[in-house]
Amino acid sequence: MSGQPTATATATAAVTGVGILTPLGDNLALVAEALAAGRSAVAPLATPVPCAAARFADFDATRYANVRGMRIYNRTTRLGICATRLALADAGLIDAGLPPEQLGVVMAGSFGHLDTLIEYDRSLVTNGPSRTNPALMPLAIPSAPGAVIALSFSAKACSITLAEGGASSLDGLGLGARLVRDGRAAAVVVVAAFGLFDELVLSLSRQGQLAPADGFRIFDERSQGMALGEAAVAFVLESPAHATARGRQPLAFVAGQASTFAAGTDGMETSLARACRQALAQAATEPADLGLVASGANGLPSTDGAEARALLAVLGAAAQKPAITAVKSALGETIDASGLLAAACALATMGGSPAPPIAGLERPALPGLRYLTRPEPVGGGPALVTATSQTGACSALVLARNAHAS
Amino acid sequence: MKRRVVVTGCGALTAAGNTLDGLWQALLSGRTLVGKVTNFACPELDSLSGAELVVPESYDLPASINGDAFRARCCHIALAAARQALVHANLPVQPEGGWGEGAGLVLGTTMGEERQVGDLSERWTKQGADSVDGGFLGRADNHKLAAGIAAALGLGGPVWLNATACSSGNTALAWAFDFVADGTADLMLAGGADTFTRALFCGFARMSALSKSVCKPFDKNRDGVSFGEGAGILVLEELAHARRRGARILAEVVGYGLSNDAYHVTAPEPNGAGFVRAIEQALATTGASPDTIGYVCAHGTGTQYNDQGEVRALKTVFGERAITIPTSSIKSAIGHTNGAAAAIGAIACVLALLHQTVPPTANLAEPDPEFGMDFVMNAGRPVELSACLNMSAGFGGANACLLLARAP
C-alpha cells in the first residue's frame, strides 16, 4: 500500500486568532513571556494525592465569557467556552457579521465529559433516576463540551469532537484546515480544554504515571513521570482568501498535519517519525528549515524516549539545527489541550518571542538534539509540533509564517 | 484532483443478526427486533425495551460479553464488525506485518465504554475514592475503542475516534472518505459502535423520550425512541486500488455534508434548517443533482421533533419531488443504535444499491397525514436506484449526511 501523502493532503489554512488560558496567563503574549522567563506553573498538589500539577488558582469563567448555562457546565466546558471567546475576539470575529452558518467548531475532547458522566452515573446509582438532575445527562455524553461551545457561539457550520487523547488537538487542527479548505466553513474554531478532577488524578497516580511533587523533569535521565496541568486553547482557522478578504493578517499557517498510529509504545518512535515526515512533506519543508520543534514529551521515560528517537530520525543531519522545547515542563500534561498549547507556544516564537527552555532539564537522557535550557530567539522559521496519546495515536503539525513554508 | 472512493466491504452486528444477509433479510421483512431487554438493567426502570444484540458464541469474543457485568462490550463488537467487514471485502484480517501506514480507521460513538463508568459508580458506593484503580482512565478512554481495533489489525494510518453523538457514524465515514480521497490512505475502515447504557436509558426516560412500546418513525402515533445495540463498519477504498486487487465494488461514496443546529442541547431545530444545510452541502460539494437521489435512509428516530424537522428539510431541498422519493427509517427494526446508527444506515444504503430494493420502516402503520411522503412500509420495495442519501443527527445539533451511489 502506498499511503504516501500527496502534497495537497492538508492545504494551508490561516490561523487568525488564538485564545489561551493557562495558570501562567490568559493571553499568548503573557504566557510566552512567562515561559521565556523560565517560569513554571507546576507545583506540589496535596489532594487527592500528593503529586505535581499545574492548576488554575482561581479560574472564574465569568471574567471571560457571559454564556447562558455556564453555571452547570463542568470545568473543561467552561474553560473551552472562555478560550473560544478569546480566540474569536483575537480574530476580530465577535459581532463581525460572520454568518453563523459559516462558523464551525472542532473540539479536542477525550475526557472533557468524563467528570460529568461520573457525577451523573453515580447519582443514578445512589439516588435513583427520578432524583437525578435531568439537565446533567445531555452534558454527560462525550460530544457535550464541543456541542455546548458551538451552541454558545451559534456555530452552525459544524460541531465535531475528536477524541485521540494527547493527539486530539493536532488532529483537530488538521481537520479544521480541511474544513476551511473544502469550503465547509469560512472559519473554524479548533478548541481544546482540560480541567482536572479527582478520578483522573487518582487513576493516573495509581497507575504510577505521575512524577513525585519534587521530581518532575522532561527529557532528563532522571525523568520519572508526568505532572498534570489545566489549560484551554483555541485557534481560529480560515482560508487565506477569507482572511485577506476581511483584512486580517494571518498569525501563521497550518502548512501540514499528519496522523498515524502505533500499537504500543514500542512502535511509537517509528509511527511519530512517520507523522512528522508526512507533515513536513505536506508543508514542503526540510528539517534544516525548521526553527523550532515543540515536542509533546511529558516526563514519562517511555514517551520522552520515543519522542527523542523519532526527532533524531526525522531531523537526521539537521538534528542540531532546530531548538527543541517542551512546554509541558512548565504547564504540565494537559492531554487534550497539549497539542494546541505547544502550537500556541510555537506561534509565539515565530512572532518574535524567545523560545522557552525546557524547565528542569539538566541531563538529557538521549543526547543529540538541541534541547533548550535557556530562552532563545529562533527566528520566524517553520515549527514542527508533535503529540501522542497513550493509546497509540501520533500527530504532527507544521506551522509556518508564510502560506508556503519553504 | 480528488480520488474516487468506493465501498468494498461491510460488517454489522445488530439485533437483526450478525451477518449482512441476516441484517438485510430482517430489514426487508418489515418486522421489529425491539423487545424486552434481558441482559441489561437500569435502576427504577422495571422493564426495558430495546433491540438487544446477542453476540453468538461462535465469534472470537469473551464468553461473558452478553452479560450485564461485561464492561468492554462496545470495544469488542466494534472489532468483530471490523473483522467481518474485511472478510466481506475479501481482504486479510491480519496481513503479515499488519496493514501499515496506508490503512487507518475512524470510529464513531455516542457513549463509548460508558459501562466502565457505571462499574466505577457501583464500586464507589462501597469503597469511595479507593475504588479508582490505575486502569480506570485507560478503560474509560473512548479512543481505546478505535485503538483496540487498530492494534488488533495492525493499522498504521490515521486512527481517529469521532464523537458527534448520533451522527458519529456518518462523520466517521466522512473523515475516512477524505483520507482516501486526498491520498492520505488507500484503505480506511469507518463506522460506529454503541451498546445499551444506563445514562441514555435513564436520561431519555426522564425526558419522556423513550417509546412506551416500539418506536414508530413517521407514524401519527409515534411516541419516542427505542434504543438498539450495534456496530457497523465499512471498508472504504480508493477506486483504482480496489480494481487493481479485483475487489467486488459494492457502492461509491460520493461525498458528505455537515451542519450544526446550534439551537438547543437536546432538541433539534424544528424547521429542519440544519438538515437542509447538510443535504445542500453534500449535493453542492459533490456536484450531484438532487434528481439522482432515489432513496432516503432517514434518521427517523420516532420523536415528534425529529420526524417533523427531517420531513420539512427533505421538502425544502427536494421541493415537490420530495414526496415521491422512497424514504424509510431502519430504527424501528433494529433500534436506535446511537453512534452506530448512521454507519448501519450507510450499510443499508449499500445493500439497497446492490439489490435495487429499499427497506421499509417497521411499525409504520398510519403515516402522519401532515407529511404526505412516500414512506416505504411493510416490506422491501424494488426500485431503480442510482444514489441514496443517508441522514443523521446528534444530540447537541450535529447533522451529517452521506451520499452513496451505485458501484461505478
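Among the residues of the stretch A:117-128, those that are open to solvent by less than 10 Å² (accessible area, probe 1.4 Å) and either away from chain B (no Cβ under 11 Å) or assigned to a helix (DSSP H, G or I) (or both) comprise A:Leu117, A:Ile118, A:Tyr120, A:Asp121, A:Leu124.
Restricting attention to the stretch B:47-60, does a residue exist that is assigned to a helix (DSSP H, G or I) and within 14 Å of chain A (Cβ to nearest Cβ)? If you could, list the steps in order and put the result at the bottom.
Just the residues of the stretch B:47-60 that are assigned to a helix (DSSP H, G or I), to begin with: none.
No, the stretch B:47-60 has no match at all.
For the stretch A:41-49, the condition holds for at least one residue, the condition being that it is within 14 Å of chain B (Cβ to nearest Cβ), under 19 Å from A:Leu202 (Cβ atoms), out of contact with any Pro (no Cβ under 6 Å at 6 or more places or on another chain) and of a type in the set (S, T, N, Q). Confirm whether A:Leu88 is touching a strand residue (DSSP E or B) at 6+ places or on another chain (Cβ under 6 Å) and either assigned to a helix (DSSP H, G or I) or within 24 Å of A:Tyr120 (Cα to Cα) (or both). No, not satisfied. Collect the residues in the stretch A:73-115 that are facing another protein chain (nearest Cβ under 10 Å) and over 23 Å from A:Gly339 (Cβ atoms), keeping them in residue-number order. Of everything in the stretch A:73-115, those that are facing another protein chain (nearest Cβ under 10 Å) and over 23 Å from A:Gly339 (Cβ atoms) turn out to be A:Pro100, A:Glu101. Criterion applied to A:Thr285, A:Thr270 was being part of a loop (DSSP other than H, G, I, E, B) and surrounded by fewer than 24 Cβ atoms within 10 Å (Cβ to Cβ), and the one residue passing it is A:Thr285. If you go through the stretch B:370-384 and keep only what is under 16 Å from B:Arg31 (Cα atoms) and either open to solvent by 100 Å² or more (accessible area, probe 1.4 Å) or in contact with a strand residue (DSSP E or B) (Cβ under 7 Å, 6 or more places away or on another chain) (or both), you end up with B:Phe375, B:Val376, B:Met377, B:Asn378, B:Gly380, B:Arg381. From the list B:Asp119, B:Asp133, the one residue that fits, being outside any helix (DSSP H, G or I), charged (D, E, K, R) and either within 11 Å of another protein chain (Cβ to nearest Cβ) or open to solvent by less than 40 Å² (accessible area, probe 1.4 Å) (or both), is B:Asp133. Filtering B:Arg245, B:Arg206, B:Arg198 for residues that are touching a Cys at 6+ places or on another chain (Cβ under 6 Å), surrounded by fewer than 24 Cβ atoms within 10 Å (Cβ to Cβ) and within 13 Å of chain A (Cβ to nearest Cβ) leaves a single hit, B:Arg198. Of the residues screened, A:Arg78 is one that is outside any strand (DSSP E or B), within 20 Å of B:Tyr263 (Cα to Cα) and open to solvent by 40 Å² or more (accessible area, probe 1.4 Å).
You will find that of A:Arg248, A:Arg217, A:Arg222, A:Arg277, the residue that is of a type in the set (Lys, Arg) and crowded, with 22+ Cβ neighbours inside 10 Å is A:Arg217 and no other. Can you name the residue in the stretch B:168-195 that is within 7 Å of chain A (Cβ to nearest Cβ) and of a type in the set (D, E, K, R) and is also nearest to A:Pro142 (Cα to Cα) among such residues? Ranking the candidates gives B:Asp178 first. Give the residues of the stretch B:253-268 that are surrounded by fewer than 24 Cβ atoms within 10 Å (Cβ to Cβ), more than 7 Å from chain A (Cβ to nearest Cβ) and not in a strand (DSSP E or B), sorted by residue number. B:Tyr263, B:His264, B:Ala267, listed by residue number.
The conditions of being more than 7 Å from every other protein chain (Cβ to nearest Cβ), surrounded by 24 or more Cβ atoms within 10 Å (Cβ to Cβ) and outside any helix (DSSP H, G or I) are not met by B:Gly157.
With the structure loaded, tell me whether A:Pro145 is open to solvent by less than 20 Å² (accessible area, probe 1.4 Å), assigned to a helix (DSSP H, G or I) and without any contact (Cβ under 8 Å) to a residue 12 or more places away in the chain or whether it fails that test.
On the way: open to solvent by less than 20 Å² (accessible area, probe 1.4 Å): yes; assigned to a helix (DSSP H, G or I): yes; without any contact (Cβ under 8 Å) to a residue 12 or more places away in the chain: no.
No, not satisfied.
All of (1) open to solvent by 10 Å² or more (accessible area, probe 1.4 Å); (2) farther than 24 Å from A:Ser353 by Cβ hold for A:Ala262 with one exception: (1).
For beta carbons closer than 6 Å, sequence separation of 6+ or different chains, a first residue in the stretch B:138-150 that is outside any helix (DSSP H, G or I) and a second that is at pLDDT below 95, the qualifying pairs are B:Asn142/B:Gly112.
Could you say which residue among B:Gly272, B:Gly302 is farther than 25 Å from B:Pro158 by Cα, within 14 Å of chain A (Cβ to nearest Cβ), open to solvent by less than 30 Å² (accessible area, probe 1.4 Å) and not β-branched (Val, Ile, Thr)? After applying the criteria, what remains is B:Gly272. Of the numbered conditions (1) at the interface with chain A (Cβ under 8 Å from one of its Cβ atoms); (2) more than 19 Å from the chain's Cα centre (by Cα), B:Ala165 satisfies every one except a single condition; which is it? B:Ala165 satisfies every listed condition except (2). The helices (runs of 4 or more DSSP H) falling completely within the stretch B:275-379 that include 3 or more residues that are charged (D, E, K, R) map to B:304-318.
Taking the stretch B:86-115 as the range and being at the interface with chain A (Cβ under 10 Å from one of its Cβ atoms), open to solvent by 10 Å² or more (accessible area, probe 1.4 Å) and in a helix (DSSP H, G or I) as the test, only B:Arg115 passes.
Only a single item in (1) more than 12 Å from every other protein chain (Cβ to nearest Cβ); (2) within 25 Å of A:Pro145 (Cα to Cα) is not met by B:Arg83, and it is number (2).
Can you find a residue that is assigned to a helix (DSSP H, G or I) and not hydroxyl-bearing (Ser, Thr, Tyr) anywhere in the stretch A:187-195?
Applying the first criterion (assigned to a helix (DSSP H, G or I)) to the stretch A:187-195 yields none.
No, the stretch A:187-195 has no match at all.
A quick yes/no check of all residues on (1) touching a residue at least 40 places away in the same chain (Cβ under 8 Å); (2) of a type outside the set (Phe, Trp, Tyr); (3) under 20 Å from B:Gly224 (Cα atoms):
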{"site": "B:Glu280", "(1), (2), (3)": "no, yes, no"}
{"site": "B:Gly309", "(1), (2), (3)": "yes, yes, yes"}
{"site": "B:Leu314", "(1), (2), (3)": "yes, yes, no"}
{"site": "B:His336", "(1), (2), (3)": "yes, yes, yes"}
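The values are calculated or read from the model by the stated rules, or taken from the named source; none is laboratory data. What you are looking at is a predicted structure, and each value in this text was computed from that prediction instead of being measured. Cβ: placed from backbone, ideal geometry, glycine included. Neighbour counts: every protein chain shown. All accessible areas refer to the heavy atoms of the entire protein, side chains included, with ligands and DNA or RNA removed. Shrake-Rupley method; radii C 1.70, N 1.55, O 1.52, S 1.80 Å.
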